[in-house]
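Colleague: The structure follows.
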There are 2 protein chains.
Amino acid sequence: MRNVRAAAAQMGPIQKADSREAVVARMLVLLDQAKEAGADLVVYPELTLTTFFPRWYVTDQDEVDQWFEREMPNAATEPLFDRAADYGIALSLGYAELTEDGHHFNTQILTDKTGKIIGKYRKVHLPGHDEYDPERTHQHLEKRYFEPGDLGFPVWRVLDGIFGMAVCNDRRWPETYRVMGLQGVEMIVLGYNTPTVNSQKAEEAGDLRMFHNHIVVQAGAYQNACWVVSVAKAGDEDGHPLMGGSIIVNPDGVIVAQAKTEGDELLVHDCDLDATVFGKETMFDFKRHRRIEHYGLITGQTGVIPPAE
Amino acid sequence: MRNVRAAAAQMGPIQKADSREAVVARMLVLLDQAKEAGADLVVYPELTLTTFFPRWYVTDQDEVDQWFEREMPNAATEPLFDRAADYGIALSLGYAELTEDGHHFNTQILTDKTGKIIGKYRKVHLPGHDEYDPERTHQHLEKRYFEPGDLGFPVWRVLDGIFGMAVCNDRRWPETYRVMGLQGVEMIVLGYNTPTVNSQKAEEAGDLRMFHNHIVVQAGAYQNACWVVSVAKAGDEDGHPLMGGSIIVNPDGVIVAQAKTEGDELLVHDCDLDATVFGKETMFDFKRHRRIEHYGLITGQTGVIPPAE
């Protein structure tokens, strides 16, 4: 048994007017709860430190850049890193990253139990659009504010296991899980901000959207025999609702813990990394069963090429 | 609207002693029911014509070859093809194929409404093992009796849409759906024979196995915005139980019809191929969202290569 007591730190809404310091104060409350629960790892959502700003159409780049972090940790988050190190708890959190050379990414980091950042991931699958779209009920301008991640889907050895990360829309793409699965990933941690309403199909039912939120994670966990900790930022941000439904999923694809609220809420579960072994050695023993000679289109073309009429 | 009234023709058990003719007589009853229901397409399961013989360890190749068909249609199945053509119903069925040059495949074919075979698929993902395994509760010798399919995952234009096929274990692999999704597939038809008991983990719960049976299909349908018709051969074959749970799944990944029995049973559903358009043009608009520069491992390596210690 290689047990990781994982905590999914769902965050309730963050308003435009909320400061980083106010957010970190809430994160510290969840961290204290995680310490009390004996957690080894706390996972916070995508863009933990700010409101989900891609819903706002902003043309002034300086104004946009206020949502971004130039370094991590920084003055606002240093108390979080310090306390996690003091507690001996590993952290993962998402934030908007502005690099020294001016690149913008939707980033997530992972620390070890000493607070040292050992892994960085930059969101590969950016949803939405890059110009103002008057036909949508709300904007989703991730393709405007971010560049696609340039780091691939690496994995890291930490907490006596193999860990990977993903961000929000990445979880809907089976390629995300498979690239990490091919590196032996045992736990994937990810965060999301998912509007309760489909901006292009307002009548889409909320329970269908929650089903989609879960089924992609469950299938990815099962098909790669790994744990997934999937963490929401939820609730009403300045009149725009985000869904909750944070979950911890086992290597059978079964939900073993699920958030009940749309507020700050901690889920804790004991995740035995050895529970990944059976699936990896039988049904999903890739080396015996995969047939890459027939998968060429997956990397050979980006879009659909239908057969001739 | 491009409606295809699809019928999933689940088959109950077929014993070792049952003749092809007896099986085809049962298939004709289901075909008559499909005609009565106004179906455009009837999908029968994997290895429709025989018992699920990979559970038997046989060393005499002549005895093995008795489970295989040298041509399709043949004398036993001609009545099925003739009646389907008479009814104007397209067919898909699975069978063990022995080619003129001596190759063995786990094959499925698709006809148009005139009974003409317009597509052939050979199972790519063979589960199980190739030698007798005394540690299993029952044998699963697909790797012994079949070669991996050599035709990839083609799609075909028929019934005013784009159709693809898969067989049994293929449905657990996201690559299966994605390769067809990249060709614009609108409906995937597949059949399976899945033991009720995991031969390597007898204590695995039946409801967990049914959940796996369904979640992989639901995720594949949603992530590629296509319909899937997934059809079991079910029930007790010579003391060896196979699970039922045949389903028709819509492009949202939702089960819209599900078998209630483990016997011969027909499910019918009106499947609008235009219901695939919204997903293909928004969330899963591959050309805008996929990032093949980060998927290289999927086609670059078969098995797991973990990070250095």
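The values are calculated or read from the model by the stated rules, or taken from the named source; none is laboratory data. Predicted model only: the values in this text are computed from it and were never measured. Cβ sites come from the backbone with ideal geometry, for glycine too, and all protein chains shown count toward neighbours. The area values use the complete protein model at the heavy-atom level, side chains included, leaving out ligands, DNA and RNA. Shrake-Rupley method; radii C 1.70, N 1.55, O 1.52, S 1.80 Å.
Colleague: Working only within region A:283-309, note down all residues that are within 7 Å of chain B (Cβ to nearest Cβ), of a type outside the set (F, W, Y), open to solvent by less than 20 Å² (accessible area, probe 1.4 Å) and within 28 Å of the chain's Cα centre (by Cα).
Modeller: Matches in region A:283-309: A:R290, A:I298, A:G303.
Colleague: Something else now. Condition first: at pLDDT 95 or above and either part of a loop (DSSP other than H, G, I, E, B) or touching a Lys or Arg at 6+ places or on another chain (Cβ under 7 Å) (or both). Now tell me which residues in region B:204-219 satisfy that.
Modeller: Result: B:V216, B:V217.
Colleague: Answer yes or no as to whether B:T51 is among the polar types (S, T, N, Q) and in contact with a His (Cβ under 9 Å, 6 or more places away or on another chain).
Modeller: Yes; evaluated as a whole, the condition is true for this residue.
Colleague: Continuing with this model, one more query. Mind checking which pairs have a first residue in region B:140-161 that is farther than 13 Å from B:M180 by Cα and a second that is among the charged types (D, E, K, R) and in a strand (DSSP E or B), Cβ under 7 Å, 6 or more apart or different chains?
Modeller: B:G149/B:R122; B:D150/B:R122
Colleague: Quick check on this structure: which one of B:G235, B:G245, B:G253 is within 11 Å of another protein chain (Cβ to nearest Cβ), of a type outside the set (A, V, I, L, M) and open to solvent by less than 10 Å² (accessible area, probe 1.4 Å)?
Modeller: B:G253
Colleague: Let me ask something else. What is the residue count in region A:77-102 for residues that are farther than 19 Å from A:G119 by Cβ, assigned to a loop (DSSP other than H, G, I, E, B) and touching a Lys or Arg at 6+ places or on another chain (Cβ under 6 Å)?
Modeller: Selection size over region A:77-102: 0.
Colleague: Then there's this: So B:L267 fits all but one of (1) more than 8 Å from chain A (Cβ to nearest Cβ); (2) surrounded by fewer than 15 Cβ atoms within 10 Å (Cβ to Cβ); (3) not in a helix (DSSP H, G or I); what number is the exception?
Modeller: Only one criterion is unmet by B:L267, namely (2).
Colleague: Take the conditions touching a strand residue (DSSP E or B) at 6+ places or on another chain (Cβ under 7 Å), of a type outside the set (A, V, I, L, M, F, W, C) and modelled with pLDDT of 95 or more and apply them to B:D238. Does it pass?
Modeller: In short, no.
Colleague: Quick one: count up the residues across region A:257-305 that are touching a strand residue (DSSP E or B) at 6+ places or on another chain (Cβ under 8 Å) and more than 19 Å from A:P45 (Cβ to Cβ).
Modeller: 7
Colleague: Related question: Within region B:204-214, is there a residue that is touching a Leu at 6+ places or on another chain (Cβ under 8 Å) and either within 12 Å of chain A (Cβ to nearest Cβ) or surrounded by fewer than 22 Cβ atoms within 10 Å (Cβ to Cβ) (or both)? Even if it seems obvious, please write down each step before you answer.
Modeller: Step one: of region B:204-214, the residues touching a Leu at 6+ places or on another chain (Cβ under 8 Å) are none.
Within region B:204-214, not a single residue is touching a Leu at 6+ places or on another chain (Cβ under 8 Å) and either within 12 Å of chain A (Cβ to nearest Cβ) or surrounded by fewer than 22 Cβ atoms within 10 Å (Cβ to Cβ) (or both).
Colleague: Take the residues of region B:183-197 that are of a type outside the set (V, I, T) and crowded, with 24+ Cβ neighbours inside 10 Å: which is farthest from the other protein chains (Cβ to nearest Cβ)?
Modeller: This residue is B:G191.
Colleague: How do the strands (runs of 3 or more DSSP E) wholly within region A:103-182 filter down when requiring 2 or more residues that are open to solvent by 10 Å² or more (accessible area, probe 1.4 Å) and in contact with a Ser or Thr (Cβ under 7 Å, 6 or more places away or on another chain): which remain? Quick ask: steps written out before the conclusion?
Modeller: Details: elements: A:104-111, A:117-122, A:155-158, A:161-167.
Output list reads A:117-122.
Colleague: Among the residues of region A:49-64, are any modelled with pLDDT of 95 or more, touching a Phe, Trp or Tyr at 6+ places or on another chain (Cβ under 7 Å) and among the β-branched types (V, I, T)?
Modeller: Yes, there is a match, as at least one residue in region A:49-64 is modelled with pLDDT of 95 or more, touching a Phe, Trp or Tyr at 6+ places or on another chain (Cβ under 7 Å) and among the β-branched types (V, I, T).
Colleague: Can you name the residue in region B:32-53 that is without any contact (Cβ under 8 Å) to a residue 60 or more places away in the chain and assigned to a helix (DSSP H, G or I) and, of all such residues, is surrounded by the fewest Cβ atoms within 10 Å (Cβ to Cβ)?
Modeller: Selected residue: B:E36.
Colleague: May I pose another question? Could we say that B:V29 is in contact (Cβ under 8 Å) with a residue 40 or more places away in the chain, open to solvent by less than 40 Å² (accessible area, probe 1.4 Å) and not basic (K, R) here?
Modeller: No; evaluated as a whole, the condition is false for this residue.
Colleague: Give me the residue from region B:13-27 that is part of a loop (DSSP other than H, G, I, E, B) and under 18 Å from the mean Cα position of the chain (by Cα) and, out of that set, farthest from B:E262 (Cα to Cα).
Modeller: The residue in question is B:I14.
Colleague: Another question about this same structure. Taking the stated definitions as given, is A:E69 open to solvent by 60 Å² or more (accessible area, probe 1.4 Å) and over 17 Å from the mean Cα position of the chain (by Cα)?
Modeller: So A:E69 does not fit the description; no.
Colleague: How many residues are more than 14 Å from B:C168 (Cβ to Cβ) and without any contact (Cβ under 8 Å) to a residue 60 or more places away in the chain if we restrict to region B:227-264?
Modeller: Within region B:227-264, residues that are more than 14 Å from B:C168 (Cβ to Cβ) and without any contact (Cβ under 8 Å) to a residue 60 or more places away in the chain number 12.
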